[in-house]
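The values are calculated or read from the model by the stated rules, or taken from the named source; none is laboratory data. Quick caveat: nothing in here was measured; it's all calculated off a predicted structure. Counting neighbours? That spans all protein chains shown, and the Cβs are built from the backbone with ideal geometry, glycine included.
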Amino acid sequence: MDGIRYREQTVQLQKGDILYLFTDGITEAMNKAEDLYGEDKLQSILSFGEKYPEPTTENGTAESVCKLVSDDLAAFTDGAEQSDDITMLCIRYMGGE
């Protein structure tokens, strides 16, 4: 697309790593008070911690990461109408040769 700058980066995935892709509709989602969900909120979920335990091969899948974000986003927006698409894709690298 004209006028859009893209950045290319190569990363080495380790077995069990999860790649999370999303549109700006996630971070720009608003609640009824018109507060943005924001990058900080998303990062707090994806960095995992006490409130959001990191999924492992035993207790989680790429699907569970998307569900975690989706559920948190739904609670935050609480039915507020959104003006942008909300799209995400989670991929777990299972390793290989």
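Quick notes
- Of the residues making up segment 75-97, those that are modelled with pLDDT of 95 or more and within 13 Å of the chain's Cα centre (by Cα) are Ile86, Thr87, Met88, Leu89.
- Count of segment 1-35 residues, restricted to those that are under 17 Å from Met88 (Cα atoms), of a type in the set (A, V, I, L, M) and either more than 11 Å from the chain's Cα centre (by Cα) or assigned to a loop (DSSP other than H, G, I, E, B) (or both), is 2.
- Residues (under 11 Å from Thr77 (Cβ atoms) and either in contact with a Cys (Cβ under 8 Å, 6 or more places away or on another chain) or not charged (D, E, K, R) (or both)) located in segment 26-47: Ile26, Ala29, Met30, Asn31, Ala33, Leu36, Tyr37
- Among the residues of segment 77-86, those identified as in contact with a strand residue (DSSP E or B) (Cβ under 9 Å, 6 or more places away or on another chain) and under 12 Å from Tyr37 (Cβ atoms) are Thr77, Ala80, Gln82, Ile86.
- Residue count for segment 71-94 satisfying the condition of being closer than 23 Å to Ile18 by Cβ and exposed (fewer than 10 other Cβ atoms within 10 Å of the Cβ): 2.
- Checking each residue in segment 1-20 for being exposed (fewer than 10 other Cβ atoms within 10 Å of the Cβ) and either in contact (Cβ under 8 Å) with a residue 60 or more places away in the chain or of a type in the set (Lys, Arg) (or both) picks out Arg5, Arg7, Gln14.
- Lone qualifier among Glu50, Glu63, Glu39 - being modelled with pLDDT of 85 or more, of a type outside the set (A, V, I, L, M, F, W, C) and farther than 21 Å from Gly95 by Cβ: Glu39
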